[in-house]
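Okay, structure first, notes after.
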Amino acid sequence: MGHLTIKHVRAFVLRGGGADYHDQADGHWIDDHISTPMSKYPEYRQSRRSFGINVLGTLVVEIEASDGSVGFAVTTGGEPAAYIVEKHLARFLEGARVTDIEKIWDQMYQSTLYYGRKGLVINTISGVDLALWDLLGKIRQEPVHQLLGGAVRDELQFYATGARPDLAQKMGFIGGKMPLHHGPSEGEEGLRKNLEALATMRERVGPDFWLMLDCWMSLDLNYATKLAIGAHEHGLKWIEEALSPDDYWGYAALRKNVPKGMLVTTGEHEATRWGFRMLLEMGCCDIIQPDVGWCGGLTELVKISALADAHNAMVVPHGSSVYSYHFVATRHNSPFAEFLMMAPKADEVVPMFHPQLLGEPVPVNGRMRLSALDKPGFGVDLNPDCQLHRPYNR
Ligand SMILES: C[C@H](O)[C@H](O)CC(=O)C(=O)O
Ligand SMILES: [Mg+2]
């Protein structure tokens, strides 16, 4: 096993939901007048697809070992990510040992520093890294959570992100996170509508159910502070990603401004241990939310998580389906996980990366038994019904 090498790396592109979960059809709650940094332009306010949120699509990385075993992973990145995998990163993999994950990560990161560091390039590196962990698990016939050192709990519990926390409550989730619909450019009236929506939901779910607001990088410090203060009387548990991911100073100030007991969360668009070091050392938030498919993969998330632990911060990964489930099971400072409701009306549980993965587990009653993850690697296969396209076939 120690002598198995990587024979071949292939990168494919896929459209339609899945890892690029914003790539949905008309009428989906995830594209219904959600506040974004582009909302200041009225023509891009109603739909995130109008400004290109789904322009990339899904990247699929497949890695084949010398014994014919295949590991794979999906993330957001599409065709430009496929180019980076095939034309740049593959050289660090093909011929290397399947166990050389740490060295391969370092080579991918260092060799792309001059055009990488965050965003698309780190999404791409994450996809390759996750495929390597999947391959190793498949070769060793062990689930990834065991490769990571083993689970610390028998069951994961989830909050749900979607338009209907009231329905999520009935489905057994511990909380519901709603998208914020109106940003600063919609003025006082928008602020009032945001608070009314929260108040209505609070009435429906009662006093104890967690309610959170996802602001998707769309606010300024003043607006976020006003929103947090107004939302306090409706029991808002946390305010998420209120500001630009580059505004570490704004987050540090917001954390001081929010009412006592309200949490500030962010990090889904942050990457690598250095990015999260900024968030943690500057006291930007109470919970960091790395996306396993965007932050540098599992190899990097292990380091980010250790850093967070030393800062007494929780790590509750953003989305990321099985890649997050296997990780969360192994960490004391990840006491619960996110489940993104991908049904168009957020009225039923469907697999987060539907339709791309076969065997993707879902929470039942807001919970997932560890036994649902007890399969080699990440425990999923690519759905053969999905149309794979390999744009840079070598
Ligand atoms: C609902 C949010 O706008 C976004 O689509 C998902 C997200 O940020 C989250 O799940 O967190
Ligand atoms: Mg979010």
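The values are calculated or read from the model by the stated rules, or taken from the named source; none is laboratory data. None of these values were measured; they are calculated from a predicted model. Note: ideal-geometry Cβ built from the backbone for every residue, glycine included; neighbour counts use all protein chains shown. What goes into the accessible areas is simple: the full protein's heavy atoms, side chains included, and nothing from ligands, DNA or RNA. Shrake-Rupley method; radii C 1.70, N 1.55, O 1.52, S 1.80 Å.
Points to keep in mind about this one:
- Solvent-accessible area per residue, Å², over the chain with all protein chains present [probe radius 1.4 Å]: 38
- For the chain, adding -39500 (n - 2.57) for each run of n ≥ 4 DSSP H residues and dividing by the number of residues yields -9500 deg cm²/dmol at 222 nm.
- 10 °C / 1.306 mPa s Stokes-Einstein diffusion coefficient of the range 39-145, Kirkwood radius on C-alpha pairs, µm²/s: 106
- Longest to shortest principal axis, alpha-carbon extents of the chain, angstrom: 62, 42, 42
- Shown for the range 174-312: the carbon plus sulfur share of the solvent-accessible area, taken with all protein chains present and a 1.4 angstrom probe, equals 53%.
- Charge-dipole axis of the chain as Lys and Arg at +1 and Asp and Glu at -1 on Cβ define it, positive-most pick from 146, 236, 311: 311
- Note on the range 178-245: with charges restricted to the Cβ of Lys and Arg (+1) and Asp and Glu (-1), its dipole about the Cα centre is near 120 debye.
- Length-normalised contact order of the chain in % [C-alpha pairs under 8 Å, at least 6 apart]: 21
- DSSP assigns beta bridges within the range 144-257; of those with both partners inside it, close to 0 percent run antiparallel.
- Rolling a 1.4 Å probe across all protein chains gives residue 138 an accessible area of roughly 40 Å².
- Proximal lysines to residue 87, defined as alpha-carbon separation beneath 23 angstrom and excluding residues fewer than eight positions away on the same chain: 7, 103, 118
- Projected onto their three principal axes, the Cα atoms of the range 275-350 cover extents of 39, 23, 21 Å, largest first.
- Extended-chain gain in nm, criterion 0.36 nm per residue less alpha-carbon gap, residue 306 and residue 94: 73.3 nm
- Placing +1 on the Cβ of every Lys and Arg and -1 on the Cβ of every Asp and Glu, with nothing else charged, gives the chain a dipole about its Cα centre of roughly 400 debye.
- Cα centroid separation - the range 328-381 against the range 259-280, whole Å: 23
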